[in-house]
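Please read the structure below before turning to the comments.
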Amino acid sequence: LGALVDHEYMPLIQQLERSHPGKLRYHGPFSKDSLADISRLIDVCIIPSYFDTYNRVLRETMHLGIPAITTDFFGSCIVEDGKNGFKIPVGDGRALADRMTRILNQRSLIETLSRGAAETCIPSLDDEVDQLIATYGELLSQFPQRKVDTAGRKDPPRRRQAVHDENPTPLIAINQ
């Protein structure tokens, strides 16, 4: 946990630390047990992902009462812009800089966003999957050739237990 995956970023991180003493600091790898202590040192979590369907980091930081600046994708549905964090368009560096500047210039905003993050209802993965199934059922019911009976179900559909591979094979998609 907390390991730097892409080591080519290390020189950039070191240069940023030198350019902004006291503002940015790479703390190195950390263990899962130290996450609560580390979270007390964080005002805002920045999650500029290009794509994420669940975003576990966002849910963990919100659970700890840390607001986030995150890109607007599927996994950011729990962020209410301006209430518990900020959403920015994917790849929009100006929007990220704007939200960061706004927080730096309005320090009281951190308290407001932190309170909103701590009060955020974070659905379980099962709840989100059930909502996704209901959404697909609703969409399918709009097509007359496809009849879907989601209202009459007494029990949610059974899901298979997830299998976690210790050494997963990476999936590579190539778009031409």
I need a count of the residues in the range 104-118 that are surrounded by fewer than 18 Cβ atoms within 10 Å (Cβ to Cβ) and within 15 Å of I66 (Cβ to Cβ).
5
Suppose the filter is free of Cβ contacts under 8 Å to residues at least 40 places away in the same chain, of a type in the set (A, V, I, L, M) and open to solvent by 70 Å² or more (accessible area, probe 1.4 Å); does L35 pass it?
no
Candidates L58, L64, filtered to the one that is open to solvent by less than 40 Å² (accessible area, probe 1.4 Å) and either aliphatic (A, V, I, L, M) or in contact (Cβ under 8 Å) with a residue 12 or more places away in the chain (or both)
L58
Can you run down the residue pairs with Cβ atoms below 7 Å, 6 or more apart or on separate chains, where the first is in the range 5-16 and under 14 Å from P29 (Cβ atoms) and the partner is among the aromatic types (F, W, Y)?
I13/Y26
Considering only strands (runs of 3 or more DSSP E) fully contained in the range 21-92, which possess at least 2 residues that are aliphatic (A, V, I, L, M)?
45-47, 68-71
Given (1) in contact (Cβ under 8 Å) with a residue 60 or more places away in the chain; (2) among the aromatic types (F, W, Y); (3) open to solvent by 90 Å² or more (accessible area, probe 1.4 Å), number of the condition F51 does not satisfy:
(1)
Looking at R102, is it over 30 Å from S124 (Cβ atoms) and either touching a residue at least 60 places away in the same chain (Cβ under 8 Å) or part of a helix (DSSP H, G or I) (or both)?
yes
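The values are calculated or read from the model by the stated rules, or taken from the named source; none is laboratory data. Treat the numbers as computed from the prediction; the structure is a model and nothing was measured. So basically every Cβ, Gly included, is an ideal-geometry build from the backbone, and we count neighbours across all protein chains shown. Each accessible area value is taken on the protein alone, full model and side chains, heavy atoms only, with ligands, DNA and RNA left out. Shrake-Rupley method; radii C 1.70, N 1.55, O 1.52, S 1.80 Å.
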